[in-house]
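Undergrad: Below you will find the structure I want to go over with you.
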Protein chains: 2
Amino acid sequence: MNPLFPRSPQLDGQDVEAKRAELLDYFRATFDRYESLFEVLVGETAYTIKPISLRHPLIFYFGHTATFFVNKFILAGLIEERIDPRLESMFAVGVDEMSWDDLDDARYDWPSVAEVADYRRKVRAMVERVIRDTRFTLPIGWSDPMWAVLMGIEHERIHLETSSVLIRQHALDFVRPHPAWQASAEHGMAPENTLVDIPAGTVSLGRALDDPYYGWDNEYGRHKADVAAFKAARHLVSNQEFRAFVEAGGYADDSLWDEEGKGWKRFARAEHPTFWIPDGKGWKLRLMTAEVPMRWNWPVETNCLEARAFCRWKSRESGLPVRLPTEDEWHRLYDHAGLSDVPHNAPAGANLHLDHGASSCPVDRFAHGELFDVVGNVWQWCETPTYPFDGFAVHPIYDDFTTPTFDDRHNIIKGGSWIATGNESRHASRYAFRRHFFQHAGFRYVVTDTPVTNPASAYETDALLSQYAEFHYGDEIFGVPNFPKALADIAIDAHKRLGNRSFERALDLGCATGRASFELARAFKRVVGIDFSARFIQAGVKLAESGSLRYTLPDEGELVSYHERRLDELGLADTAGRVEFWQGDACNLKDIHTGFDLILAANLIDRLYSPRRFLRDVAHRLNPGGLLILASPYTWLEEHTRREEWIGGFKKDGESWTTLDGLKEILTPQFELVQGPQAVPFVIRETRRKHQHTLSELTIWKRRS
Amino acid sequence: MNPLFPRSPQLDGQDVEAKRAELLDYFRATFDRYESLFEVLVGETAYTIKPISLRHPLIFYFGHTATFFVNKFILAGLIEERIDPRLESMFAVGVDEMSWDDLDDARYDWPSVAEVADYRRKVRAMVERVIRDTRFTLPIGWSDPMWAVLMGIEHERIHLETSSVLIRQHALDFVRPHPAWQASAEHGMAPENTLVDIPAGTVSLGRALDDPYYGWDNEYGRHKADVAAFKAARHLVSNQEFRAFVEAGGYADDSLWDEEGKGWKRFARAEHPTFWIPDGKGWKLRLMTAEVPMRWNWPVETNCLEARAFCRWKSRESGLPVRLPTEDEWHRLYDHAGLSDVPHNAPAGANLHLDHGASSCPVDRFAHGELFDVVGNVWQWCETPTYPFDGFAVHPIYDDFTTPTFDDRHNIIKGGSWIATGNESRHASRYAFRRHFFQHAGFRYVVTDTPVTNPASAYETDALLSQYAEFHYGDEIFGVPNFPKALADIAIDAHKRLGNRSFERALDLGCATGRASFELARAFKRVVGIDFSARFIQAGVKLAESGSLRYTLPDEGELVSYHERRLDELGLADTAGRVEFWQGDACNLKDIHTGFDLILAANLIDRLYSPRRFLRDVAHRLNPGGLLILASPYTWLEEHTRREEWIGGFKKDGESWTTLDGLKEILTPQFELVQGPQAVPFVIRETRRKHQHTLSELTIWKRRS
């Protein structure tokens, strides 16, 4: 038997030099194995013709994994000079994330294979030198420069798999058998698939930053969920089981496909699984380097859209609620099966990590408790689009590993395939692909009435909303205290001294993304936040419901940074239950919004179409003795408030008439000015270097009893 | 003889109660006299029909001077409550500044004369109470509340005169003779006008804030000028002298009129002076309450446009360079005549201050040295549009007394008329009217080859330019040091330590309004400031030439504040001679701009259409060893720089590529980075409360030798 392909190293321990040797071995084995994969290609053209239109030709991937080491090492400070700027510019950016309707027309003047091989030699020498010479301590943490070494190796292992898929998609003329890449010969008829009862349980996903294995950004953080009982197919869906769908006309029956699926079908003219080759009246199966008679008891390989269509068909045929599992349900399977990750010094108990040949194998070969192939053989599509766990943060030298996939268009695959190695083979890993992409991936269906609810994945990129979220929940700048918190502090203090002393209900009018609402709820039993903008309110709702909010901020030009803000980190976790958010128009509030002990209107009046109407109306919404807290920079603009609706900021009867004059005139019949005017500063970040810095004039008005 | 109409009180002295009594007397005499003027009107309709379309009817002016007391007293804190808000809103704003093509169509529901008279009684009682009860000390200064009392009285004296003009323009049916308003009966043929030599001399205008007489804002500050020798007409131009112009067809001859004059002529259908009444083949003269046979030896009354046309005609006829005097030349006449202001306890030696009846008098009645009527009789139009003296500031409770007239459309009148009293009669006063307006005003011509150069009057109101002027020369905000000064300090310091040690020539590229250019000129012998915007450069040029710059800034809504900045107050007076400003394109500079020891480019590169072209070109403009100082917040925007021209702020080959990366790439062949990056903050004021607060990244590059 061949030696085991090395596993991801543990990153803790006592012996730095032993770890150095292990890293060197891990690197060399990976770099070697990657190059051996390309040995299945025949001739230069095999490298430069694209196997599929959506991705680069293989020459790119041959160079890319080497360039990746160079790029990340520069960012990590491990090296200072590039090895070959021209090649590195060419090999830097892949096109893995392309849509089928977003073809890449760029032309490249690709270098020769020999040139790239020579380049790889130089990179290999450089990486070995770095591993040998860099001083480090254990454990290797995610901020350490040596993390970039692991990142480069694990990155190459990903491309080991994805390149093997591309090779499998290449014309047969371009490939040849290779002793290091021999497919399994074991095949036969598939077992009848049956359902296994999976009891309800709790799953706990996400790992700590000090976990002693390398991980990608999306694996860190916390996610816990209760999973209802469900039934799961004992086996992955085999080619044989899938044949019934094909023969029943599943590919032609649009009613089985969602819109996205129909769109892909049209583009791809798909009539059967992509690796099935029509052969007279039967089928052959395309493997990496050969076409073979159909392996009916091997798992079928599909994209997510085909898997979903199969589930719909299966539901119709069986009358059962059949669908793909969620990521959480897959973890219940893993826990139910009592599995653990591939051992370091023994073959995997699954078709995983290249331990059992270079292809799939029968779906009944590896039993995992009552189930088979919970891990290994082929990846398993989940119904769950990838999303960040609570506490997600991007890695500083690879901020676009996952974030571009937080778009509800990339679904998670779990379990790993026969060629999933290193981090890929670990059950904590979370890879995701566009739903129309092919990997060595198939699926297992589940039967359950529990609907799928997908966690929100998107980083808020709406520029104004993100700006406000940062304004409310983000970092202090120029030493200016958080504005909504400062206002709430002033409001609560004033209410104690000057108000009606009832802390029942407060209103945060013009609440935007809601920070002051949460802050007021530290003192008030109930806080209503109202804003004209439904999308601003959604941020508050999301915080109240999930406790966190994610958004990107512009740094410089197109560069952005990623931010997560959490109520618990602001000491506001327990306020969420006392806050409610409503969409509403401050100039035309619903009648129900009344009986408040305090009303805060921050940076609101100069954004209203009729501030006068709001100010005339507000008194009857306050309980007698209640406080109205106004804060505004009085930035009157025609775009928000027609000139004739301004309440100040102009000459009136020849004299300067300030907004404060206008407030006094309008409010005095029903209010007494009890505090202010006083200036409260705020800062709004526009880019990493550019900010708005404004003084809001605060006045506190007590409703006459 | 009647008692003298009281003169403007001196505002210093030792005896507060005596001053209080004098103020009370000054107020009562003014208020009485104003009311007595309206006694010449016959019937209610005389009050409500407009004498001329460009101004309110007289009922407005009857109430207006009273309301003015109320408004200014409120602003000064002398009173808290209005007397009659409805009337006061109606009487607040006059239309004195209207253009003939800008008619007022507002309709007013004017109150009855009795109602206004009653209102005036209440205001009179209030003002007397304020004068009696307000505690004050001597001298009364311009920031003291009691200043508002003087302001109200002097304001009413202005309207005493302007209302007398309106009455003179009213239909004869609406007026009647009045014993207190009797015109002079003295008249005859005018003397032949001759020229008097006025030797060259220096005039010094403007007074100090502690001058012991009340003054309007425009009288304060400093203006000094050398006046070349000139000849002046001995007499004001009489109706008789003007008749030659009329009879020569001067009104019909467009070649004698400028564009403005022709426009006014068309509107007014003017064929002779406005107070001349055609009478068969001769002329009568309209006085305030009567038409009388033409007074040929009284001064003609014209607007400025007619006076200019006369001078053009007179030039043509005489072959001499005839024109109106400038304000400075008028002061030479005053000094040459050895005059002083109207004495407190004796009649004026001029037809001034109502001391010699209620009309003009012959132009040879009051000799002033070799001249006649240097002051008094009628106001004298000057060629000079009104403008602020150096050090001009608006009065806090009357910021629009003069500023709206700084528009080069209002010309100064000097000398006072028979009804110019109080401040109006003082030679330091500076009234100005639109050139087409009528007052009791005529003119004296001068003969001189010296061209008229008018001081710049306008407050810069271009919002962006004013914002930059304040950014460069204005107040520090949030404790952030002045940005261009800070950059210049850093540049000079770096140049001493790291540069070529030559302080010959520096370039301030993207100099905007030029502050850094002046600051660099503290150390460099020659500084060239270049900006793409010609209007920005004009600000620098103006500062270099005149030492000062004036602009308005938005405060709140439409309210603005007025600002003057001076090189001398910034310690930069002596740098002006070492600075020159050019319009230029940093991406395409003229060849002559070379041989610099230091180049500063502050907040420039992210505003260029091709920053790369600029950066590639800049080295050969620097002497070897010279420094290039870059500062920028790297705020890349498509509106300034097309995306493909950005030098950073995007992903390049998959990795974040900052502007600093781009700078290093472009500059490294010719430069060495010797200092920075370091953040230099700046604040730009948008309104009184709203600011941009930005960090500019500064780097210093030394040109390789």
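Undergrad: Could you tell me whether A:T694 is open to solvent by less than 10 Å² (accessible area, probe 1.4 Å), among the hydroxyl-bearing types (S, T, Y) and facing chain B (nearest Cβ under 8 Å)?
TA: Judged against the criteria, A:T694 is a match.
Undergrad: To continue, here is another question. Could you give me the residue pairs with C-beta distances under 9 Å whose first residue belongs to segment A:162-181 and is closer than 15 Å to A:F433 by Cβ, whose second residue is assigned to a helix (DSSP H, G or I) and among the β-branched types (V, I, T) wherever it lies, and which are 6+ apart or on separate chains?
TA: Note: pairs meeting the criteria are A:S163/A:T65.
Undergrad: Can you tell me which residues in segment A:355-402 are outside any loop (DSSP other than H, G, I, E, B) and either farther than 24 Å from A:V446 by Cα or over 23 Å from the mean Cα position of the chain (by Cα) (or both)? Step through it out loud before you land on a result.
TA: Within segment A:355-402, the subset outside any loop (DSSP other than H, G, I, E, B) is A:367-368, A:371-372, A:379-385, A:390, A:395, A:398.
Listed by number, the residues that qualify are A:A367, A:H368, A:L371, A:F372, A:D390, A:H395, A:Y398.
Undergrad: Is it the case, given these coordinates, that A:I592 is at pLDDT below 95 and not in a helix (DSSP H, G or I)?
TA: Yes, satisfied.
Undergrad: Mind listing just one residue for me: the one in segment A:515-532 that is in contact (Cβ under 8 Å) with a residue 40 or more places away in the chain, in contact with a Phe, Trp or Tyr (Cβ under 9 Å, 6 or more places away or on another chain) and in a loop (DSSP other than H, G, I, E, B) and, of those, farthest from A:R501 (Cα to Cα)?
TA: A:K525
Undergrad: Among the candidates B:F437, B:F389, B:F443, B:F401, which residue alone is touching a residue at least 24 places away in the same chain (Cβ under 8 Å), of a type in the set (A, V, I, L, M, F, W, C), crowded, with 23+ Cβ neighbours inside 10 Å and farther than 21 Å from B:A337 by Cα?
TA: None of the other options fit; the residue is B:F437.
Undergrad: Would you confirm, using the coordinates I've provided, whether B:D617 is more than 9 Å from chain A (Cβ to nearest Cβ), closer than 24 Å to B:F682 by Cβ, open to solvent by 30 Å² or more (accessible area, probe 1.4 Å) and not in a loop (DSSP other than H, G, I, E, B)? Show your work before the answer.
TA: Numbers: more than 9 Å from chain A (Cβ to nearest Cβ): yes; closer than 24 Å to B:F682 by Cβ: no; open to solvent by 30 Å² or more (accessible area, probe 1.4 Å): yes; not in a loop (DSSP other than H, G, I, E, B): yes.
In short, no.
Undergrad: Which of the residues that make up segment B:633-660 are more than 17 Å from A:K690 (Cβ to Cβ), part of a loop (DSSP other than H, G, I, E, B) and in contact (Cβ under 8 Å) with a residue 24 or more places away in the chain?
TA: If the condition is that a residue be more than 17 Å from A:K690 (Cβ to Cβ), part of a loop (DSSP other than H, G, I, E, B) and in contact (Cβ under 8 Å) with a residue 24 or more places away in the chain, then B:R642, B:I647 are the ones that fit.
Undergrad: Moving on. Is it true that B:F372 is surrounded by fewer than 16 Cβ atoms within 10 Å (Cβ to Cβ), of a type in the set (F, W, Y) and either on the phi > 0 side of the Ramachandran plot or out of contact with any helix residue (DSSP H, G or I) (no Cβ under 9 Å at 6 or more places or on another chain) (or both)?
TA: no
Undergrad: Would you please list the contacts, defined by Cβ atoms under 7 Å and residues six or more apart or on different chains, that run from a residue in segment A:291-320 that is charged (D, E, K, R) to a residue that is open to solvent by 30 Å² or more (accessible area, probe 1.4 Å) and part of a loop (DSSP other than H, G, I, E, B)?
TA: Cβ pairs passing all conditions: A:R295/A:H187; A:R308/A:D258.
Undergrad: Got a number for residues in segment A:661-683 being part of a loop (DSSP other than H, G, I, E, B) and of a type outside the set (S, T, Y)?
TA: We begin by selecting, within segment A:661-683, every residue part of a loop (DSSP other than H, G, I, E, B); these are A:668-670.
Now restrict to residues that are of a type outside the set (S, T, Y): A:669-670.
Number satisfying all stated conditions: 2.
Undergrad: Based on what the data block shows, is B:A544 in contact with a helix residue (DSSP H, G or I) (Cβ under 6 Å, 6 or more places away or on another chain), touching a residue at least 60 places away in the same chain (Cβ under 8 Å) and either more than 14 Å from chain A (Cβ to nearest Cβ) or part of a helix (DSSP H, G or I) (or both)?
TA: Against the criterion (in contact with a helix residue (DSSP H, G or I) (Cβ under 6 Å, 6 or more places away or on another chain), touching a residue at least 60 places away in the same chain (Cβ under 8 Å) and either more than 14 Å from chain A (Cβ to nearest Cβ) or part of a helix (DSSP H, G or I) (or both)), B:A544 does not qualify.
Undergrad: Could I ask something else about it? Is there a residue in segment B:75-93 that is at pLDDT below 85 and either part of a loop (DSSP other than H, G, I, E, B) or aromatic (F, W, Y) (or both)?
TA: There is at least one residue in segment B:75-93 that is at pLDDT below 85 and either part of a loop (DSSP other than H, G, I, E, B) or aromatic (F, W, Y) (or both).
Undergrad: Okay, moving on. Among B:P396, B:P404, B:P321, which is farther than 23 Å from B:H272 by Cα, touching a strand residue (DSSP E or B) at 6+ places or on another chain (Cβ under 9 Å) and within 14 Å of chain A (Cβ to nearest Cβ)?
TA: One residue alone meets the criteria, B:P404.
Undergrad: Filtering segment A:48-74 down to residues that are closer than 24 Å to A:R435 by Cα, open to solvent by less than 10 Å² (accessible area, probe 1.4 Å) and of a type outside the set (D, E, K, R), which residue is modelled with the lowest pLDDT?
TA: A:H56
Undergrad: Could you tell me how many of the residues in segment A:553-601 are on the phi < 0 side of the Ramachandran plot, open to solvent by less than 60 Å² (accessible area, probe 1.4 Å) and within 14 Å of another protein chain (Cβ to nearest Cβ)?
TA: 7
Undergrad: For A:A117, which of the numbered conditions (1) under 26 Å from A:T289 (Cβ atoms); (2) modelled with pLDDT of 95 or more; (3) surrounded by 16 or more Cβ atoms within 10 Å (Cβ to Cβ) fails to hold?
TA: (3)
Undergrad: Sticking with this one: Looking at segment A:464-475, can you tell me whether even one residue there is buried (at least 24 other Cβ atoms within 10 Å of the Cβ) and farther than 30 Å from A:L622 by Cα?
TA: Yes - at least one qualifying residue is present in segment A:464-475.
Undergrad: May I pose another question? Which residues, taken from segment B:476-501, are open to solvent by 30 Å² or more (accessible area, probe 1.4 Å), modelled with pLDDT of 95 or more and of a type in the set (S, T, N, Q)?
TA: none
Undergrad: I need a count of the residues in segment B:208-223 that are under 19 Å from B:A148 (Cα atoms) and under 19 Å from the mean Cα position of the chain (by Cα).
TA: Residues in segment B:208-223 being under 19 Å from B:A148 (Cα atoms) and under 19 Å from the mean Cα position of the chain (by Cα): 9 in total.
Undergrad: If you don't mind, there's one more thing I want to ask. Let me confirm something: among A:W298, A:W330, A:W313, which residue is open to solvent by less than 20 Å² (accessible area, probe 1.4 Å) and either at pLDDT below 95 or more than 24 Å from A:H170 (Cα to Cα) (or both)? Please lay out each step first, then the result.
TA: Working: A:W298 fails: either at pLDDT below 95 or more than 24 Å from A:H170 (Cα to Cα) (or both); A:W313 fails: open to solvent by less than 20 Å² (accessible area, probe 1.4 Å).
The conditions single out A:W330.
Undergrad: I need the full set of residues from segment A:620-665 which are open to solvent by less than 30 Å² (accessible area, probe 1.4 Å), away from chain B (no Cβ under 14 Å) and over 46 Å from the mean Cα position of the chain (by Cα), in order please.
TA: Passing the criteria: only A:G625.
Undergrad: Hey, another quick one. Looking at segment A:300-315, which of its residues are in a helix (DSSP H, G or I) and hydrophobic (A, V, I, L, M, F, W, C)? It would help to see each step written out before you state the result.
TA: Initial filter on segment A:300-315 (in a helix (DSSP H, G or I)): A:304-315.
Result: A:C304, A:L305, A:A307, A:A309, A:F310, A:C311, A:W313.
Undergrad: Right, next: All but one of (1) buried (at least 18 other Cβ atoms within 10 Å of the Cβ); (2) part of a loop (DSSP other than H, G, I, E, B); (3) aliphatic (A, V, I, L, M) hold for B:V196; state the number of the condition that does not hold.
TA: Looking at each condition in turn, B:V196 falls short on (2).
Undergrad: Would you pick out the residues in segment A:666-679 that are more than 8 Å from chain B (Cβ to nearest Cβ) and open to solvent by 10 Å² or more (accessible area, probe 1.4 Å)? Walk me through how you get there before you give the answer.
TA: At the first step, the residues of segment A:666-679 found to be more than 8 Å from chain B (Cβ to nearest Cβ) are A:666-678.
A:I666, A:T668, A:P669, A:Q670, A:E672, A:L673, A:V674, A:Q675, A:G676, A:P677, A:Q678, listed by residue number.
Undergrad: A further question follows. Taking segment A:94-114 as the search range and keeping residues that are within 27 Å of B:W657 (Cβ to Cβ) and either more than 32 Å from the chain's Cα centre (by Cα) or modelled with pLDDT of 95 or more (or both), which one is least open to solvent (accessible area, probe 1.4 Å)?
TA: Among those that are within 27 Å of B:W657 (Cβ to Cβ) and either more than 32 Å from the chain's Cα centre (by Cα) or modelled with pLDDT of 95 or more (or both), it is A:P111.
Undergrad: Checking A:T687 against (1) touching a Pro at 6+ places or on another chain (Cβ under 9 Å); (2) surrounded by fewer than 22 Cβ atoms within 10 Å (Cβ to Cβ); (3) more than 8 Å from chain B (Cβ to nearest Cβ); (4) not in a strand (DSSP E or B), which test does it fail?
TA: Looking at each condition in turn, A:T687 falls short on (3).
The values are calculated or read from the model by the stated rules, or taken from the named source; none is laboratory data. This structure is a prediction, so every number in the text was calculated from the model and none was measured. Backbone-built Cβ (ideal geometry, glycine too); neighbour counts: all protein chains shown. Note: accessible area is taken over every heavy atom of the protein model, side chains too, but ligands, DNA and RNA are not part of it. Shrake-Rupley method; radii C 1.70, N 1.55, O 1.52, S 1.80 Å.
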